[in-house]
Structures are given as C-alpha cells and as structure tokens.
Amino acid sequence: MRFRVKKLHLSTGNLCVAVLNYLDARELTFHRGDRVRLKKGRKEAVAVIDTTNSEKVVPRGSIGLMDEVDNRLRIHTGYVEVMHEPLPGSVELIKKKLDGKTLTYNDYVEVIHDILYNKLTSLELAYFVSGIYLNRINNSLS
C-alpha cells in the first residue's frame, strides 16, 4: 500500500520508527511494534510501527517518518510503499534463550548483528539480556 510521506522531525535516538494514523493501522491490521518495509524506488528501510489518534500529527493516508527513517530513505515529498516485514530471526533465538535453551556461537553472532544494525527494539534487547542473566552464556562457545 502507498502512503504519503510526512516528516515528523523527531528522533528516537536510534530505532527506525514510522507512525501511522490509528484508523489506517487498524484497517490494514498493523499493530504497534510491528515491523514494516518502506520502499521508495531503490531505497528501502525497515521500521517499527507506532500509531497516533491525531489527524494533525499523521493524517489518514499518510505515514509519519522519524528522523532515523528519513535519513535512510531521504524522501523529500511524495509517497512510499509500505509492506509487512517479518520479525528478525534473532527474536526467535532470544525466546529460545529465555526458555533456558543453549544458543550456538552462530546464534549469538546473529543476535549481535541485529543489535549492531538496530533491528531489535529496546524491549527485545531487554529480553535478550534477561535471558542471559537468567540462563547464563554456555562456556563451550568458541
């Protein structure tokens, strides 16, 4: 689906966030925290969805871009394609760690990669740290 771009001139500090009008989000079955892929020509970015009830902040048919998304796409005006984006694989690895299961070296590399490239929310990061705290890192990593 296509949405008109609205720059919000706000920063999250790191995470890419896009804001939809609550009614648009509900109609398209997007929920807060869902990930979307935004595409304009060859430029793409993945963002976490937030919603607003305010038509002044983000009118229906528009998508508000926080500075981090805007910096990646560099869209001045016009429209952007919005598509559902699946969760990063590292989210399943974090759940596995919380369940007390052992992660491999490559599993940790995948999670750390997603941390470095801002693919995880602060909540997912907190779950990862909690999983390590509760279940420790296995000593056989090499």
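Numbers at a glance
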{"quantity": "Residue check for Glu81: of a type in the set (D, E, K, R), assigned by TED's automatic domain parsing to the domain that holds Asp50 and in contact (Cβ under 8 Å) with a residue 24 or more places away in the chain", "calculated": "yes"}
{"quantity": "Residues (surrounded by fewer than 14 Cβ atoms within 10 Å (Cβ to Cβ) and in a strand (DSSP E or B)) located in the stretch 7-49", "calculated": "Lys43"}
{"quantity": "Residues located in the stretch 95-117, provided they are in a helix (DSSP H, G or I), loosely packed, with under 14 Cβ neighbours inside 10 Å and not hydrophobic (A, V, I, L, M, F, W, C)", "calculated": "Tyr105, Asn106, His113"}
{"quantity": "Check on Lys6, among the charged types (D, E, K, R), over 16 Å from the mean Cα position of the chain (by Cα) and either in the same structural domain as Tyr127 (by TED's automatic domain parsing) or on the phi > 0 side of the Ramachandran plot (or both)", "calculated": "no"}
{"quantity": "Candidate set: the stretch 70-94, residues that are surrounded by fewer than 18 Cβ atoms within 10 Å (Cβ to Cβ) and assigned to a loop (DSSP other than H, G, I, E, B); chosen: the one modelled with the lowest pLDDT", "calculated": "His76"}
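The values are calculated or read from the model by the stated rules, or taken from the named source; none is laboratory data. All values derive from a computational prediction rather than experimental measurement. Note: ideal-geometry Cβ built from the backbone for every residue, glycine included; neighbour counts use all protein chains shown.
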